[in-house]
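Visitor: One structure follows; several queries about it will come next.
Every number here is computed from the coordinates shown, using simple stated rules; none is lab data. None of the values given here were measured: they were computed from a predicted structure. Heads up, the Cβs are rebuilt from the backbone with ideal geometry, glycines too, and the neighbour counts pull from every protein chain shown.
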Amino acid sequence: MTENKLTEEVAAHAHGRVPRELRRRQVLVEGRVLFVERGYHGASMDELARRMGVSKPVVYDLAGSKERLFRDVMAMVGEELAQRLISAVVAEPDLTRKLHAGILAFLRFVDENRAQWTALLSALSANAGPSSDELTTLRRGQVILVAKLISEMEGDVGTSGSSPVVEALAQAINGAVESVALWWRDHPEISAEALAEMLTRFLSPGLLALEDLRSLP
């Protein structure tokens, strides 16, 4: 649900009679915007309450705490990205095209959410704290997802289960694509399609050689 549509849905209810589930979605959406604008440390529950038009106790009742809200926002971002990747990969018939589709889906997600993605990832360079912890969790979730997708390609690569080699390869793929995505913000003249093609050609040999890699000590 878009922010504007959510605002309209909230406005359709009398003040004080907005369903809790709708308010819960609102606090996640508004919290996401606030974290992007001000970062974890600059965001405040007072400001969030003001934007939502409710009292601070209502925000705490819905969110629990700023740390928990950030964790929930990151989980929401991770779920959106995961669904985008899964939908892209399962639609393709062979290994190389699956890899290309997954990379392109990731890059398009970043492009569509560029301001949010940049702001959230930049928190990793700040002091350790809830923001860096949750971003690390998000990245770990991406690696697990990629490893799972690779393992499910059993008919293509002859592997089964998420072995250490599969997980290491997933880590390499995820790290390479994320690094290029960060670099991409300074090179907007390059299209997502061109980057996806380049990364696919670079990474696919390792993925295609997975069965041989599994025999390494």
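Visitor: Roughly speaking, what is the stretch gain from His41 to Ala115, that is 0.36 nm per residue apart minus the C-alpha to C-alpha distance, in nm to one decimal?
Guide: So the chain would gain 24.9 nm between His41 and Ala115.
Visitor: Fully extended, how many nm does the chain gain between Ile86 and Ala172 (0.36 nm per residue separation, minus their Cα-Cα distance)?
Guide: 29.1 nm
Visitor: Residues in region 180-203, backbone N under 19 Å from the label point at Thr96 (7 Å along the Cα-to-beta-carbon vector): list them, ranges by number please.
Guide: The answer is 193-203, whose backbone nitrogens lie closer than 19 Å to the label point.
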